[in-house]
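See structure below.
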Amino acid sequence: MNVRTGFVCAGLATALSCPSAAVANFIVFSAGGDDTPASIQATVDSFRAALGNPVNGNNPGPLAGGRREINWDGGNATTASPAANPFAGFQNTRGALFTTAGTAFLQTPLDAPELDAINPTYEEIFSFFSPVRIFTAIGSNVLDATFTIPGHPSDAATVSGFGAVFTDVDLANGASLTFFDVNDNPIFSQFVAPGTVPDGSLSFLGAIADAGERIARVRVMQGTTAPGPDDAPQALVDIVALDDFLYAEPVAQVDEPSLLALLGAAWIALLAGRAARRRTAR
């Protein structure tokens, strides 16, 4: 192998080994259960164990390990809590900021007037994993989670794993999770397993990187349609809400070089190789 070829191969090898260009690897935790928390509890607990202990609560970071959890229950609150978009209620304390293509968010018990105002049938089709409130975007079936260092909301962060509880997933290709890296490239996507009963089912989906991948953004698709219409899976209208979110401790974001930048580096290496050959020829 001549000098030029060696430089090119080294540059391309670097580009192809870049996390933003490589195929990501994730350990997946998935369960579709009935309307009881027990039906998905073992999968959720396995995911918790894989994320690591302790639960860091509202302790400021950066911390060396552990996980964060959001159960939307507001210290056993029994009333609904509407939230603006973006929803920053947990950003400073637990490092998660939520945005939606819709208008707002709602943390709500199943029998709250605020949920009934969207559609009174939702009291019957949803159930909760942790008592007594669930969570939903309003005006959209899409929400995004991004991460910062807990206690330092201006410091961007990434996580190594994320999972969520879903309620009343009826279709196999509706609700989903998609992870993105710091360059906003998708690195993982999977549909949520449907529940085993027609109404009130609980499902869980979570994934943890096993090759050093870092998650900068999570897109949560909560069913096929924004809250509002009746749930009608036979007509491909799957109305889904959310419960507990679990994710690895957010750590400081490190920008990954883009594939374009690495190819540029390979080109520079090529030019350097040509110059070296000329010097050798002399």
Check: Does segment 221-232 hold any residues that are in a loop (DSSP other than H, G, I, E, B) and under 19 Å from V165 (Cβ atoms), and which are they?
Finding: Q222, T224, P227, D231
Margin query: Any residue that is assigned to a helix (DSSP H, G or I) and modelled with pLDDT of 95 or more - is there at least one of those in segment 253-270?
Written below: no
Notebook entry, point to check: Assuming V218 fulfils every condition listed in (1) in a loop (DSSP other than H, G, I, E, B); (2) at pLDDT 95 or above; (3) of a type in the set (A, V, I, L, M, F, W, C) apart from one, which condition is it?
Noted result: (1)
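Condition check: within 27 Å of I149 (Cα to Cα), assigned by TED's automatic domain parsing to the domain that holds F126, of a type in the set (D, E) and modelled with pLDDT of 95 or more. Does D181 satisfy that?
Working: within 27 Å of I149 (Cα to Cα): yes; assigned by TED's automatic domain parsing to the domain that holds F126: yes; of a type in the set (D, E): yes; modelled with pLDDT of 95 or more: yes.
Taking the combined requirement at face value, the residue satisfies it.
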Next item on the list: Among the candidates S176, S140, S201, single out the residue that is more than 14 Å from L97 (Cβ to Cβ) and within 13 Å of the chain's Cα centre (by Cα).
Entry: S176
Margin query: Just to check your reading of the model, which residue among T136, T146, T108, T103 is farther than 24 Å from G206 by Cα and among the polar types (S, T, N, Q)?
Written below: T103
Margin query: I need the full set of residues from segment 181-203 which are surrounded by fewer than 19 Cβ atoms within 10 Å (Cβ to Cβ) and assigned to a strand (DSSP E or B), in order please.
Written below: P186, S189, Q190, F191
Next item on the list: Please indicate, with yes or no, whether at least one residue in segment 44-52 is over 22 Å from E213 (Cα atoms) and at pLDDT 95 or above.
Entry: yes
Item checked: strands (runs of 3 or more DSSP E) contained in segment 27-128 and holding at least 1 residues of a type in the set (S, T, N, Q) and either closer than 29 Å to G228 by Cβ or without any contact (Cβ under 8 Å) to a residue 60 or more places away in the chain (or both) -> 81-84, 96-100, 104-109
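Against the condition assigned by TED's automatic domain parsing to the domain that holds S160, out of contact with any Gly (no Cβ under 7 Å at 6 or more places or on another chain), surrounded by 15 or more Cβ atoms within 10 Å (Cβ to Cβ) and modelled with pLDDT of 95 or more, how does S30 come out, does it pass?
Answer is yes for this residue.
Tell me the residue from L97, L177 that is under 26 Å from V237 (Cα atoms) and either touching a His at 6+ places or on another chain (Cβ under 9 Å) or buried (at least 17 other Cβ atoms within 10 Å of the Cβ) (or both), please. Reasoning before the result, please.
Working: L97 fails: under 26 Å from V237 (Cα atoms).
Result: L177 is the single residue among L97, L177 that is under 26 Å from V237 (Cα atoms) and either touching a His at 6+ places or on another chain (Cβ under 9 Å) or buried (at least 17 other Cβ atoms within 10 Å of the Cβ) (or both).
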Checklist line | Lone unmet requirement of (1) farther than 27 Å from F188 by Cα; (2) surrounded by 15 or more Cβ atoms within 10 Å (Cβ to Cβ); (3) at pLDDT below 95 for S20 | finding: (1)
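Mind listing whichever residues of segment 180-222 are hydroxyl-bearing (S, T, Y) and without any contact (Cβ under 8 Å) to a residue 24 or more places away in the chain?
Just the residues of segment 180-222 that are hydroxyl-bearing (S, T, Y), to begin with: 189, 196, 201, 203.
The one that is hydroxyl-bearing (S, T, Y) and without any contact (Cβ under 8 Å) to a residue 24 or more places away in the chain: S189.
The values are calculated or read from the model by the stated rules, or taken from the named source; none is laboratory data. All figures in this text were calculated on a predicted structure; none of them were measured in a lab. Glycine also receives a Cβ, built like all others from the backbone with ideal geometry; neighbour counts cover every protein chain displayed.
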